[in-house]
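All remarks here apply to the structure that follows.
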Amino acid sequence: MKIRRPRTLLGLVLLGLAFVTLPLLIAIGNAVIKLGQLATESEAVLGDSATATLQNEKLVSLLTSMERNARQYLQLQGVVASASELLNIYDGDQVSFEESLAALTSLPKDPDIAEQLRRLTSISKEVHWALRSGANNGSVASSGPNNPALDMVIERFRVMNGAARDVGQGMRRLIDSRLNELEENTRSAQHALAWQSAALIPGTLVLVVLFLLLVGRPMRQVDRAIRELGEGDFSRPITVSGPNDIETLGRQLEWLRHRLKESTDEKNKFLRHMSHELKTPLANIREGTELLLDGSVGELDHQQQEVTSILRDNGVKLQKLIENLLTFSAWQTQTASLELAEFELKPMVFGVLGQHRLPISNKKIKLNLKIAAIKVLADEGKLKLVLENLLSNAIKFTPSDGVIQVSAEMQGAELVIDVADNGPGVHPEDGERIFEAFYQGRRPQGGPVGGTGIGLSVVAECIQAHGGSVSIVRGVHPGAHFQVRLPLRRATDKRVLAVVNA
């Protein structure tokens, strides 16, 4: 009969569980039976050993007491009136003696022990009958050296003591033999269980490997597909093989991949078109405000210059937002590339600060700068865009008369750039989400022109393209503190260039 392959993941899991646990259950059941048998046999041997030891000691003690009472009775009979009390005590010992013999007779024994027990029973009854019959007949034992009754009793008790010793020795030999047999049975059970365990290990491993192939492979395919969707990688088709329900899940994930890819393509297309459409009229507005400020169309009074300056500043901000949108769209469509070149870092940093001199001056922000003279091999335009976004973000959230700290130095083979302010900082619940596109965080936005929420996303994309990282540093400065780490040695790696130009 052919076993049908389970159609569902649950059926496959249950089948695998049954195959894996069935041999184990059989082995456990066999072990329980073996241990039960050994425990019962051990309990019986120990019980019989205790009974044999106790009853044999009792026999020896009773024989000593009975012999002493019998001798005294025969010597004092007819001389002392209380001699009959000794015979009564002997009667009680005789009853106890017969009970001990019965207890020993009920234990496992060999023929020799059985014969000795019969002799003890017979002789003890004979002596007891002789004592009782003599007392009933009123015969008086001779107190001289010749006393046939006393000699008979001494001889019978000598025989019984020997038989009792033989019984004790025989019982000890029998118990030792049974203990040796029990030990041998225990070793045999241990060997049998060890062989069963040894046989279970490869069998279980084979079943586990088979189960992993049947279940693990489709689950890894699903895990990889979900991870790629979560990371925004929609380039690879999703194919999942396995039980019917897992294959159905794979088809649903493939449908979801198509929908997400279409949505992402439409979003990027919209961003590109919108940015280009906004860039041309904005350039005209900026050109017009520059002409007004230069006095090319006539002198402006103070109020007119102030309004025109506001128009120009906000035009610059809008231009940066549009550039961020274009850069973000380029990274998302994988059309952006790095143009690596060597340049001095310090002039570039001061150039970026110069572009923001008006908002810095208007808010009376103090700058603490610590820029080392470093020659960098990187994409100057992208690194400049990173600094512009970090600095504009710091200016936006820094209060009037606040402080912004900018530093750049080498730490080993890495260029480390820190931009920190004394504003409200990054909300603890935002964490690394602020580097996600269009996420603006829980802090209120500042400035007359709101952000798009992609500035820090562009920063992360540019730095990651260089093989570096950007992170939030907490506990050093009161406000937001962003740290960029750029491994300069990796910038010359041709493999990095191949990846970012793919």
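The values are calculated or read from the model by the stated rules, or taken from the named source; none is laboratory data. Predicted model only: the values in this text are computed from it and were never measured. Ideal geometry is used to build each Cβ from the backbone, glycine not excepted, and the neighbour counts take in all protein chains shown. Heads up: the accessible areas ignore ligands, DNA and RNA and are worked out on the full protein's heavy atoms, side chains in. Shrake-Rupley method; radii C 1.70, N 1.55, O 1.52, S 1.80 Å.
Take segment 221-244 and flag every residue that is acidic (D, E) and either surrounded by 16 or more Cβ atoms within 10 Å (Cβ to Cβ) or modelled with pLDDT of 80 or more (or both). The answer is D223, E228.
With respect to P148, determine if the residue is at pLDDT 85 or above and surrounded by fewer than 16 Cβ atoms within 10 Å (Cβ to Cβ). Answer is no for this residue. Taking segment 355-396 as the range and being free of Cβ contacts under 8 Å to residues at least 60 places away in the same chain, open to solvent by 20 Å² or more (accessible area, probe 1.4 Å) and closer than 20 Å to L321 by Cβ as the test, the residues that pass are Q355, R357, L358, P359, N362, K363, G381, K384, K396.
Residues considered: N69, N56, N30. Of these, the only one that is buried (at least 17 other Cβ atoms within 10 Å of the Cβ), polar (S, T, N, Q) and touching a residue at least 40 places away in the same chain (Cβ under 8 Å) is N56.
Which numbered condition trips up P23, out of (1) under 30 Å from S241 (Cβ atoms); (2) modelled with pLDDT of 80 or more; (3) not β-branched (V, I, T)? Among (1) under 30 Å from S241 (Cβ atoms); (2) modelled with pLDDT of 80 or more; (3) not β-branched (V, I, T), the lone unmet condition for P23 is (2). Among the residues making up segment 341-367, those that are in contact with a Ser or Thr (Cβ under 8 Å, 6 or more places away or on another chain) and either at pLDDT 85 or above or aromatic (F, W, Y) (or both) are K363, K364, I365.
Taken over segment 166-184, the residue count meeting the criterion of being loosely packed, with under 14 Cβ neighbours inside 10 Å and within 51 Å of the chain's Cα centre (by Cα) is 6.
Note on segment 296-320: residues that are within 21 Å of R357 (Cβ to Cβ) and among the small types (G, A, S) amount to 2. Across segment 388-400, not a single residue is classified as in contact with a helix residue (DSSP H, G or I) (Cβ under 8 Å, 6 or more places away or on another chain) and assigned to a strand (DSSP E or B).
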